[in-house]
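Q: Shown below is the structure under consideration.
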Amino acid sequence: MFSNNRRKLLQASGALAAVGSLGVASRAQAAAPRVVVVGGGFAGATVAKYVRLWNPQIQVSLIEPNPSHVSCILSNLVMTGAAGMSTITLRYDALRTRYGVNIVADRAVGIDTVSRVVTTANGTRLPYDKLVLAPGIDFDAIPGLDSAVLPHAWQAGPQTLALKAQLDSVPAGGTFVMSIPKAPYRCPPGPYERACLLADSLLRRRRAGKVIVLDANSDVVAEPHTFHTAFQTTYAGVIDYRPSSEVLSVDWAGKKIVTNWETIAFDAANVIPPQRAGKLVAAAGLLGSDPATRWAPVNPLSYESKLVPNVHVIGDSQGTGQPKSGHMANAQAKVCADALVRYFAGEQPDPAPMTSSACYSPITATTASWLTVVFAYDPVSGLMKAVPNTLAEAPAPTKGHYEDMFGWARNLFADSFG
Ligand SMILES: Cc1cc2nc3c(=O)[nH]c(=O)nc-3n(C[C@H](O)[C@H](O)[C@H](O)COP(=O)(O)OP(=O)(O)OC[C@H]3O[C@@H](n4cnc5c(N)ncnc54)[C@H](O)[C@@H]3O)c2cc1C
């Protein structure tokens, strides 16, 4: 993607030459280029790290209100008690000390895309030459649903522990109801994985309960072979899968969920609402004026917004049609970092970027499956397209895949935050 020689050349050439060659030097001849990143998840942390790694002359500030990132990846294992929060808590120390990223511990609240300034909640103003937005996802409201009370746990952290408490509260013979929103949403196999682990947990605790899965989609969205097999064999009589079932409202006090078909009583529940790009993306005008647009249209060569210049959107908030996964967020972040480094060197982005995604799904307490796909840029359509024959799922869940899952996650965590 980016040769070592060219990286060294850039590092040696310094910011003045880089800025001057672009004509952006008019703002201040002596100033180093400034990249501001909003959101320190897999996408934001990776782009901040790689811009600095590939050209340390570029100043990078990362705005993130949380002191560490709590990963959704592996978080279903925290729900069951198989892993602790420390396994999924990732610190920003290496970004700061090893790569010299300026970590701004605050929330971005405003963007002036004309003056190119980001404002944070405490009033700090951060000017930028290039802005990268990586704020993850936001949720649609569902009448009666208060996620502080009934957690979605589709952002990890306190929500993960609240979901664990829901699971722990299921009485013997009780009913756990969970819902899956219409695609596209974060992590296509994730909700089905969660259904399996909820069922596994109830069986292991000998609660003889039931897990009702309300899927707003007409069929399993990812790894259909794996999950249909799990629902019909491993969890026969425990998981009750109901496709085309959309949650319309929740009655928390009465412990009932209303769908387009029926009203269902629950003892514990996990409603995952429909999703859209993180709030700041809409606020900055990156979704345009059509309220039906949920994800930011971007050019996949650089992830620059198609609507607002010098603002790039990566990770779950972007709308290229690639799956919304941490692995994919990491890959997009590197394409974006490469494009930014090239931009400050007066060069065009790589004309043929490739990305990939992998999701490991625990199916029981000791086995897992996986799903992978590779994407390549198609110059004719200007879109990222799945490379033929690369979309694959594990033939069957195994213990070996379960062990590989931790190695894969460790690598991804280290590549993004380490
Ligand atoms: C149960 C589950 C299992 C999953 N398993 C896998 C898997 O096996 N493989 C895989 O690749 N992916 C998996 N994923 C998906 C993965 O977690 C997401 O795709 C990934 O986290 C997206 O990264 P992101 O950086 O776009 O968003 P996030 O990780 O959500 O990061 C966004 C960050 O932006 C910050 N932020 C938001 N707004 C602001 C603001 N205004 N100012 C400053 N900061 C802000 C947030 O605090 C957050 O830290 C899973 C997800 C779930 C829910």
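The values are calculated or read from the model by the stated rules, or taken from the named source; none is laboratory data. As the structure is a prediction and not an experimental result, all values here were calculated from the model. Reconstructed Cβ throughout: ideal geometry from the backbone, glycine too, with neighbour counts over all protein chains shown. For accessibility, only protein heavy atoms count, side chains too; no ligands or nucleic acids. Shrake-Rupley method; radii C 1.70, N 1.55, O 1.52, S 1.80 Å.
Q: Excluding residues fewer than 8 places away in the same chain, name every one of the aspartates and glutamates whose C-alpha is closer than 16 Å to that of residue 399.
A: Leaving aside aspartates and glutamates fewer than 8 places away in the same chain, those within reach of residue 399 are 193, 200.
Q: What is the calculated FRET efficiency for residue 406 to residue 68, with r their C-beta to C-beta distance and R₀ = 22 Å, to the nearest 0.05?
A: Here the calculated transfer efficiency is 0.70.
Q: Hey, what did region 141-273 get for relative contact order, percent, Cα under 8 Å, at least 6 apart?
A: Relative contact order comes out at 35 percent.
Q: For the chain, what does -39500 (n - 2.57) per DSSP helix run (n ≥ 4), summed and divided by total residues, give at 222 nm, in deg cm²/dmol to the nearest 500?
A: Rounded to the nearest 500, the figure is -8500 deg cm²/dmol.
Q: Over the chain, what is the relative contact order in percent, taking alpha-carbon pairs closer than 8 angstrom and at least six residues apart?
A: With pairs under 8 Å counted, the relative contact order is 18 percent.
Q: Where both residues lie in the chain, what percent of DSSP beta bridges are antiparallel, nearest 5?
A: The antiparallel fraction comes to roughly 55 percent.
Q: Now, a different point. What FRET efficiency would be calculated for the residue pair residue 396, residue 206, taking the C-beta separation as r and a Förster radius of 25 Å, to the nearest 0.05?
A: That pair, residue 396 with residue 206, gives E of 0.45.
Q: Largest first, what is the accessible-area ranking of 152, 327 with a 1.4 Å probe?
A: Listed by decreasing accessible area, they come as 327, 152.
Q: State the extension gain, in nm to one decimal, for the chain segment bounded by residue 306 and residue 378, taking 0.36 nm per residue of separation less the distance between their alpha-carbons.
A: 24.2 nm
Q: With charges set only on the Cβ (+1 for Lys and Arg, -1 for Asp and Glu), what does the dipole of region 141-273 come to about its Cα centre, in debye to the nearest 20?
A: Roughly 360 debye, rounded to the nearest 20.
Q: In addition: I'd like to know which of 196, 55, 211 lies farthest towards the positive end of the charge dipole of the chain, counting +1 on Cβ of Lys and Arg and -1 on Cβ of Asp and Glu.
A: Going by the Cα projections, it comes out as 55.
Q: Quick check on packing: order 204-217, 287-300 by the mean number of other C-beta atoms within 10 Å, highest mean leading.
A: The densest-packed peptide leads the list: 204-217, 287-300.
Q: Which order do the peptides 362-375, 136-149 take when ranked by the mean count of other beta-carbon atoms within 10 Å per residue, highest first?
A: Result, highest mean first: 362-375, 136-149.
Q: Report the antiparallel proportion of the DSSP beta bridges in region 141-273 as a percent, rounded to a multiple of 5.
A: Percent antiparallel among DSSP bridges in region 141-273 is about 35.
Q: Further question on the same structure: On average, how much accessible surface per residue is there in the chain, in Å², for a 1.4 Å probe, leaving out ligands, DNA and RNA?
A: Result: 40 Å² per residue.
Q: For Cα pairs less than 8 Å apart in space and 6+ apart in sequence, what is the mean separation divided by the residue count of region 160-238, i.e. the relative contact order in percent?
A: That works out to 38 percent.
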